[in-house]
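Colleague: Just dropping this structure here.
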Amino acid sequence: MAGNADGARFGLASCVAATDTILRALARVSERDELAGLMNAMTRELGFRYYALIHHDDLRGEPADRVKLLDYPAAIEDRLIGEGIWRRDPVLRGCVFAQRAFRWSELPGIIAMDRRDRESIALGANAGLNEGITVPYWSLGECMGSCTFAGTRVPKRAKSYVGMAQMLGIFAFQAARHIQTGAMPAPGPRPRLRPRPRDCVVLAGRGYSNKEIARALSLTPRTVDGYLTEARLLFDAHDRTELVFSAIFAGEIGLAELSRRQPE
């Protein structure tokens, strides 16, 4: 029994020492290439092949105020960022509801998965992203982000690394933010909803129809439609689902505001 306890303490000590070494390295990093090298090493240490440090926003081009550091299969990166599929991506949507780091295999218990979600997961798996761990990153008043480690030869081992990924992912994203924006905090989200369109988006997120929103806000359905159209244009969203998640990702509305209530 004592031998088992000593072994457990030794294993924990080794884990703590390794984590401390990585966290110290993340605290010292000051260049993008340096962080990329460190992310590659961390990813391999956790048993994965790919990583992504990203803000949940339109990352086409090289936005100066957004984190975009990833090593993903080219086809997946082009689909997620180049084609603008990020708003509907099941992993990024899962970040909204998860309270901690999560494995992709846990997604069916975090969000309602539809056919497109299952196709997206299958497409990633075919490209080598068969399992992953994603760490949501929230900072008050800022756009949401995440750190992901994905693609492993032994998916069942991912569960053992969730705790370490949680710690490393948060510190890695903070390091990326510091490199991207300098010592000053990152600027707030660019899109800003006006009060009435924001009210309409919140109620749409609760599942209200335009008529129910109009009744709740004492507006006409046509006015509600105009406000929602204004909001969709602001976020370049194609439908209600994209609109609501875009507003959440941008920090414009909070998840707690979307709890279903009966229309008045």
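The values are calculated or read from the model by the stated rules, or taken from the named source; none is laboratory data. Just so you know, these numbers come straight off a predicted model, no measurement behind them. As a convention, Cβ positions derive from the backbone with ideal geometry for all residues, glycine included, and neighbour counts pool all protein chains shown. Heads up: the accessible areas ignore ligands, DNA and RNA and are worked out on the full protein's heavy atoms, side chains in. Shrake-Rupley method; radii C 1.70, N 1.55, O 1.52, S 1.80 Å.
Colleague: Can you work out ³J(HN,Hα) from phi for every residue in region 67-76, in order, using Karplus 6.51 cos²θ - 1.76 cosθ + 1.60 and θ = phi - 60°, giving whole Hz and x for Gly and Pro?
Modeller: 7, 8, 9, 8, 10, 10, x, 4, 5, 6
Colleague: Which residue fluctuates most in the GNM of the chain (Cα springs below 10 Å): PRO73, PRO136, PRO90?
Modeller: Ranking PRO73, PRO136, PRO90 by mean-square fluctuation puts PRO73 first.
Colleague: Could you work out which residue, out of ASP239, ASP199, ASP57, moves most in a Gaussian network model of the chain, that is, has the largest mean-square fluctuation with Cα springs under 10 Å?
Modeller: In the Gaussian network model the winner is ASP239.
Colleague: Still on this structure: Heads up, I need the accessible area for HIS55: 1.4 angstrom probe, whole protein in place, Å², nearest 10.
Modeller: So the heavy atoms of HIS55 present about 10 Å² to solvent.
Colleague: Using a 1.4 Å probe over the heavy atoms of the protein chains, calculate the carbon and sulfur portion of the accessible area of the chain as a whole percent.
Modeller: 54
Colleague: Also: Each residue of region 84-92 in turn: what ³J(HN,Hα) in whole Hz from Karplus with 6.51, -1.76, 1.60 and θ = phi - 60°, glycine and Pro shown as x?
Modeller: After applying 6.51 cos²θ - 1.76 cosθ + 1.60, I find x, 7, 4, 5, 9, 4, x, 5, 5 Hz.
Colleague: While we're looking at this one, here's another question. Specify the residue with the greatest mean-square fluctuation among SER105, SER246, SER146, computed from a Gaussian network of the chain linking alpha-carbon atoms under 10 Å apart.
Modeller: Ranking SER105, SER246, SER146 by mean-square fluctuation puts SER105 first.
Colleague: How many Å² of accessible area per residue for the chain, probe 1.4 Å?
Modeller: It amounts to 51 Å² per residue over the chain.
Colleague: Taking only the alpha-carbon positions of the chain and ignoring solvent, what does the Debye formula give for the base-10 log of I(q)/I(0) at q = 0.12 Å⁻¹?
Modeller: -0.76
Colleague: Give the value in nm², to one decimal: projected area of the alpha carbon convex hull of region 191-236, averaged over all directions.
Modeller: Over every viewing direction, the Cα hull of region 191-236 projects on average to 2.8 nm².
Colleague: Restricting to Cα pairs below 8 Å that are 6+ residues apart, what does the relative contact order work out to for the chain? Please round to a whole percent.
Modeller: 20
Colleague: Give the relative contact order (percent, whole number) for region 29-134; include only Cα pairs under 8 Å separated by 6+ residues.
Modeller: After rounding, I find 21 percent.
Colleague: For region 53-147, which trypsin sites (Lys or Arg not before Pro) pass both filters: DSSP loop (anything but H, G, I, E, B) and at most 15 other C-beta atoms within 10 Å?
Modeller: Those that pass, being in a loop and sparsely packed, are ARG60, ARG100.
Colleague: Now a separate question. Once each part is reduced to its C-alpha centroid, what is the distance from region 33-75 to region 196-260 in angstrom?
Modeller: That distance is 32 Å.
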